[in-house]
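Inspection log for the structure reproduced underneath, given as structure tokens.
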Amino acid sequence: RRFHGSGSAAVQVTVRDALNQAMDEELERDERVFLMGEEVAQYDGAYKVSRGLWKKYGDKRIIDTPISEVTKPGVCFMTFNFSMQAIDQVINSAAKTYYMSAGQQPVPIVFRGPNGASAGVAAQHSQCFAAWYAHCPGLKVVSPWNSEDARGLLKSAIRDDNPVVFLENELMYGVSFEMTEESQSKDFTIPIGEAKVERQGSHVTLVSHSRYVGHCLDAAAVLAKEGIECEVINLRTIRPMDVESIEASVMKTNHLVTVEGGWPQFGVGAEICARVMEGPAFNYLDAPVTRVTGVDIPMPYAKTLEEHSLPQVKDIIFSVKKTLNI
Amino acid sequence: MKTMLSIISNALCRMTGRNVGPQTVPEAARVVVARSFTDFTPQVTFDIKKCDLHRLEEGPPLRAELTREQGLQYYHTMQTVRRMELKADQLYKQKIIRGFCHLYDGQEACAAGIEAAINLSDHLITAYRAHGFTYTRGVSVKEILAELTGRKGGVAKGKGGSMHMYAPHFYGGNGIVGAQVPVGAGIALACSYQGNNQLCVTLYGDGAANQGQIFETFNMAALWKLPCIFICENNKYGMGTAVERAAASTDYYKRGDFIPGLRVDGMDVLCVREATRFAAEHCRAGKGPIVMELQTYRYHGHSMSDPGVSYRTREEIQEVRSKSDPISMLKERMLANNMASAEEFKEIDIAIRKEVEEAAQFATLDPEPPLDELCDHIFHNEPPLEVRGTNPWSKLKSVS
């Protein structure tokens, strides 16, 4: 369904629909753009993100591929867990080519699909790949949280002349957010590499990406009742990371807590710690940075075990208080 | 009770002049031996469909012998898998099972036929549509359903779920399409290395059949003459994509190229058994790997989140059910040849229904695994180690 923004200021849009609209508009805008992946065409997408696109654009622009994780240049991975099989191509053929060819061969491609834990999909289907991809020069790695992020960042990613890994989240697909009229315009893009301050605060900075931005805002609401004001930063882009926004915030609040779904070792939070330590914000820290992460184990299937394997709002609240020494 | 039944059975056999000797009677059928005094045909030879051959001079026999006991056993196995999968469907809709759930109903003859031709000491690995094989490899319905509901009584203590069930010489249950095939060849390599005359049955679907890693595996298995039976369960659809839209060649039994192959009617348990026997002999004789394509069908969609009717018609599903259902076919064959009575089948059905119902009850009521076991089983044979929790103050313990 298309939303027509004429007259109404704000409208509720799910992340799924925001992604769908963004792809639709970019397919229309530039006929060199096409979508390729497993079940993206006639099945309307494994998670229905590409619903309706095959009907509108046909076989040439929307292509169902056989299951061949390595050979498809792949614009859509059914989930990023399968991308591990294709990772050689993403890194060695996509990320490094422009460099190796000294600027002769750009690779304007977007790899998109759901990343991270879902619900009850067990160990092989629940891994977060943000750190894996963000490690690699030559790639841009983007991780939207809400519908506005999804729409604006996907459009930017498609228009970008470089390989972009676009990490969606299956649990967010059905969540609705209010979108302004401006954000529904066909040329609305969000620059890659810019974080957003979702909530202003003065006591502690919470930095997160994807689904956990929501958890941070929930924790902030609870903490506000106790007089603790959290500043919540939505990274939006993992690589290149907007370190300046984090530093500016830390220089104001003096305390930093990072929140992510991925594993702790060598992760997004670990990188943030290193970067803050290397820059001017280090001298403003009144306490070491705290990382809130997934538990350092493969994802269990049983419901209660799974819940305890990922950061919950209470873990964030606890960590904020420990960081503030309360 | 068992001795008494054997005595009666042997007495009957002596009276009627048929096979005397210790009989193994399947659990559910024991009830009826004492009751019926009519003589059932103890063994019948059936004509079975010829297999298409690739790089083979001869194939499996065109006739299969079936004893009464075997028939009842295969029926029991297939019907148990059928009822177990339907119960899983029900539990999923009640949200007692969550996450991924890929059901096997329609394909029972494949699991039952394969197991009938190999030994429990042989090895087997498959993809995610694995509940049937988990059962045929020796795990109880109770432990399978409890794993699906994520409880501590599950075969993987609730930590694996639908796609990650294991048993001795059964390596799952694998979530990433096709990844189990190289692993299966590795298991076959171990058999070869250890010289134990065992083999590995490595299964994959029509969707996985187009992957590069399958062909890399074929190459190595053939080069090193690994005792590996590659079995493609072709159920005509890779998730929502019909085989014609995914494969340049749908002759999956020929895709091994230099590896000989058979195309088998996967809806007939006898065909599957004879073909697997043939393939097992081939491997054990040191001739190297062999490919089998089982032509089969799944009644459910790809998984519980796929209704299965957007890419195929209800008429098609109904036609397969009425004309080619593996369980009906076996039952009708046995009834037509007086190998068993309709009452016997009914008794078996009742016993299975009870077993599945009790298993479902257990699976619903058993508690979840305890939280202090969250981090266990990271490493094998290691002293306990410390695992980081969700924050730096959370230090958890992991035991081997």
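Mind running the shape call on region B:228-362? Use the C-alpha gyration tensor, a ≥ b ≥ c as the square roots of the eigenvalues: rounded below 1.5 for a/c, prolate if a/b tops b/c, oblate otherwise.
oblate
Once you sort the root eigenvalues of the Cα gyration tensor of region B:43-369 as a ≥ b ≥ c, which label holds: rounded (a/c under 1.5), prolate (a/b larger than b/c) or oblate (the other case)?
Working: a/c = 1.41, a/b = 1.19, b/c = 1.19.
Rounded.
Defining a contact as two alpha carbons under 8 Å apart and six or more residues distant in sequence, what relative contact order in percent does region B:43-369 show?
24
Which of the listed residues, A:Q12, B:G172, A:S156, is farthest toward the dipole's positive end in the protein assembly as shown, when Lys, Arg count +1 and Asp, Glu count -1 at the beta-carbon?
Highest projection toward the positive end goes to B:G172.
Would you compute, from DSSP H runs of 4+ residues alone, the mean residue ellipticity of chain A at 222 nm, taking -39500 (n - 2.57) per run and dividing by the full residue count, rounded to the nearest 500? Numbers along the way, then the final one.
Numbers: 11 runs with 103 residues, N = 326.
Mean residue ellipticity at 222 nm (helix-derived): -9000 deg cm²/dmol.
Assigning unit charges at the beta carbon (Lys, Arg +1; Asp, Glu -1) and nothing else, what dipole magnitude in debye, to the nearest 20, does region A:12-184 show about its Cα centre?
Rounded to the nearest 20 debye, it is 360 debye.
Can you find, among A:I317, A:V243, A:T290, the residue farthest towards the positive end of the dipole of region A:196-324? Put +1 on the C-beta of Lys and Arg, -1 on that of Asp and Glu.
A:I317
Nearest 20 debye, what's the magnitude of the dipole of region A:93-186 about its Cα centre given +1 on Lys and Arg Cβ and -1 on Asp and Glu Cβ?
Rounded to the nearest 20 debye, it is 400 debye.
Step through the table entries A:K60/A:K196; A:K322/B:K95; A:K321/B:K395, compare each Cα-Cα distance with 28 Å, and write down the pairs that go over it.
A:K60/A:K196; A:K322/B:K95
Can you run phi through the Karplus equation (6.51, -1.76, 1.60; θ = phi - 60°) for region A:172-186 and list ³J(HN,Hα) in whole Hz, with x for Gly and Pro?
8, 3, x, 7, 9, 9, 6, 10, 6, 4, 4, 6, 9, 6, 5
Peptide A:304-316: average number of partner chain Cβ atoms within 10 Å per residue?
Taking all residues of A:304-316 together, the mean is 4.
Across peptide B:261-272, how many C-beta atoms of other chains are within 10 Å of each residue C-beta, on average?
0
Pull up the DSSP beta bridges for chain B and report the antiparallel fraction as a percent, rounded to 5.
That works out to approximately 40 percent antiparallel.
Quick check on region A:12-184: of the DSSP beta bridges with both residues there, what percent are antiparallel, nearest 5%?
Close to 20 percent.
With +1 on the Cβ of every Lys and Arg and -1 on the Cβ of every Asp and Glu, and nothing else charged, how large is the dipole of the protein assembly as shown about its Cα centre, in debye rounded to the nearest 20?
About 1100 debye.
How big is Rg to Rh over region A:12-184, alpha-carbon atoms, Rh as the Kirkwood inverse-mean-distance radius?
Numbers: Rg = 15.3 Å, Rh = 16.2 Å.
We get a ratio of 0.94 for region A:12-184.
What percent do you get for the relative contact order of region B:74-209 when only Cα pairs under 8 Å and 6+ apart count?
Contact order relative to length: 24 percent.
Among B:V291, B:V139, B:L56, flag the residue with its Cα farthest along the positive direction of the charge dipole of chain B, charges on Cβ as +1 for Lys/Arg and -1 for Asp/Glu.
The residue sitting farthest along the positive end of the dipole is B:V139.
List the residues of region B:232-259 that lose 40 Å² or more of accessible area once all protein chains are present, compared with their chain alone (1.4 Å probe, heavy atoms only, no ligands or nucleic acids).
Listed by number, the residues meeting the 40 Å² cut-off are B:M239, B:R245.
Over the protein assembly as shown, what percent of the accessible surface lies on carbon and sulfur atoms, probe 1.4 Å?
Carbon with sulfur: 53 percent of the solvent-accessible area.
Which entries in A:K303/B:K159; B:K87/B:K331; B:K159/B:K354; B:K157/B:K397; A:K314/B:K397; A:K55/B:K236 show an alpha-carbon gap greater than 19 Å?
Working: A:K303/B:K159 9 Å; B:K87/B:K331 22 Å; B:K159/B:K354 27 Å; B:K157/B:K397 17 Å; A:K314/B:K397 21 Å; A:K55/B:K236 24 Å.
With Cα atoms farther than 19 Å apart: B:K87/B:K331; B:K159/B:K354; A:K314/B:K397; A:K55/B:K236.
Could you give each residue of region B:124-134 its phi-based ³J(HN,Hα) in whole Hz, using Karplus coefficients 6.51, -1.76, 1.60 with θ = phi - 60°, and x for Gly or Pro?
Values, residue by residue: 8, 9, 9, 8, 8, 8, 10, 4, x, 5, 4 Hz.
Could you work out, residue by residue across A:289-299, how many beta carbons of other chains sit within 10 Å of that residue's beta carbon, and then give the average as an integer?
Taking the mean over all residues of the peptide, I get 5.
Output needed for the protein assembly as shown: three equivalent-ellipsoid semi-axes, defined as square roots of 5 times the C-alpha gyration tensor eigenvalues, in descending order, whole Å.
Working through the eigenvalues yields semi-axes of 53, 29, 24 Å.
Kirkwood Rh, Cα Rg: Rg to Rh for chain A?
In chain A, Rg relative to Rh is 0.97.
In whole percent, what relative contact order does chain A give with Cα contacts below 8 Å and a gap of six or more residues?
On the way: 671 pairs, mean separation 52.8, N = 326.
Taking the mean separation of contacting Cα pairs over the length of chain A, I get 16 percent.
Need one word for region B:116-266: rounded, prolate or oblate. Basis is the Cα gyration tensor (sqrt eigenvalues a ≥ b ≥ c); a/c below 1.5 gives rounded, then a/b vs b/c decides.
It is oblate, given that a/c is not under 1.5 and a/b is not larger than b/c.
Please report the antiparallel percentage of DSSP beta bridges with both residues in region A:196-324, rounded to the nearest 5.
DSSP beta bridges in region A:196-324 are roughly 20 percent antiparallel.
The values are calculated or read from the model by the stated rules, or taken from the named source; none is laboratory data. Here the structure is a predicted model, which is why all the values come from computation and not from measurement. Glycine gets a Cβ as well: all are built from the backbone with ideal geometry, and neighbour counts include every protein chain shown. Only protein heavy atoms, including side chains, enter the accessible area calculation; ligands, DNA and RNA are left aside. Shrake-Rupley method; radii C 1.70, N 1.55, O 1.52, S 1.80 Å.
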